[in-house]
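After the structure tokens below, expect a handful of questions from me.
The values are calculated or read from the model by the stated rules, or taken from the named source; none is laboratory data. None of the values given here were measured: they were computed from a predicted structure. Every residue, glycine among them, receives a Cβ derived from its backbone with ideal geometry; neighbour counts consider all protein chains shown. Protein only, heavy atoms only, side chains kept; ligands, DNA and RNA dropped before computing areas. Shrake-Rupley method; radii C 1.70, N 1.55, O 1.52, S 1.80 Å.
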Amino acid sequence: MIEAAIDTLRAVQDELLASEAEYIRLGGWAKTVRAVPGRTVFRSVNDVGAWIRIETRDFIVAASALDAPPETGDVVRFRGADYEVLAPNGEPAWRWSDPYRTAYRIHTKHTGGEE
């Protein structure tokens with residue numbers, strides 16, 4: 001029952017919240033995908049004990065839209081801006097967006113173009 005609800009939610013999310021983006025692999029392969037923009041806040045303590053807060057631009061993309069999991073160095077081109085796939089502090093560059101692994105939450109950093 002929960003899996004069916006997640007499938008329904010994912011379909012509604014794709015219809016109402018997603019926009020077209022271009023996913024570009026580090027090797028040059030590119031594909032148009034539907035992506036829902038979001039954000040994640042990472043917190044850590046630096047060498048002198050001060051808290052550091054880093055906010056990433058995230059994109060939720062259906063797992064079926066990509067040929068393989070996202071990799072650090074890939075690029076998401078969204079609304080004229082480029083976002084490099086990466087995450088701070090040794091965190092993974094993506095995580096599953098739901099327990100049934102239907103979509104990736106991809107962490108990125110703005111690297112070019114206007115946001």
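How large, in percent, is the carbon and sulfur part of the accessible surface of the chain at a probe radius of 1.4 Å? Let's see the in-between values first.
Details: 3630 of 7060 Å².
The computed percentage sits at 51.
Explain nothing, just the number: dipole magnitude of the chain about its Cα centre with +1 on each Lys and Arg Cβ and -1 on each Asp and Glu Cβ, in debye rounded to the nearest 20. Mind showing how you got there, number by number?
Numbers: 14 positive and 18 negative charges, 32 e Å.
In debye, rounded to 20, the chain gives about 160.
Here is a further query. Using the beta-carbon distance between Ser19 and Arg101 and R0 = 22 Å, what value does 1/(1 + (r/R0)^6) give for FRET efficiency, to the nearest 0.05?
Values: r = 23 Å, r/R0 = 1.03.
Result of the calculation: an efficiency of 0.45.
If you don't mind, there's one more thing I want to ask. Let me check I have the definition right: for the range 6-115, take the eigenvalues of the Cα gyration tensor, multiply each by 5, take square roots. What are those semi-axes in whole Å, largest first?
On the way: eigenvalues 114, 57, 35 Å².
Equivalent ellipsoid semi-axes, largest first: 24, 17, 13 Å.
Would you kindly work out the equivalent ellipsoid of the range 76-115 from its C-alpha gyration tensor and give its semi-axes, the square roots of five times the eigenvalues, largest first in whole Å?
On the way: eigenvalues 96, 37, 5 Å².
For the range 76-115, the ellipsoid semi-axes come out as 22, 14, 5 Å.
Separate question: Rounded to a whole number of µm²/s, how large is the Stokes-Einstein D of the range 37-94 at 10 °C and 1.306 mPa s, given Rh as the Kirkwood radius over C-alpha pairs?
Details: Rh = 13.0 Å.
Roughly 122 µm²/s, to the nearest whole number.
Report, in deg cm²/dmol and to the nearest 500, the calculated mean residue ellipticity at 222 nm for the chain, where each DSSP H run with n ≥ 4 adds -39500 (n - 2.57) and the sum is divided by the residue count. Walk me through the numbers before you get to the answer.
Details: 1 runs with 15 residues, N = 115.
Helix contribution divided over all residues of the chain: -4500 deg cm²/dmol.
How large is the accessible surface per residue of the chain, computed with a 1.4 Å probe and reported in Å² as a whole number? Let's see the in-between values first.
Working: 7060 Å² over 115 residues.
About 61 Å² of surface per residue is accessible.
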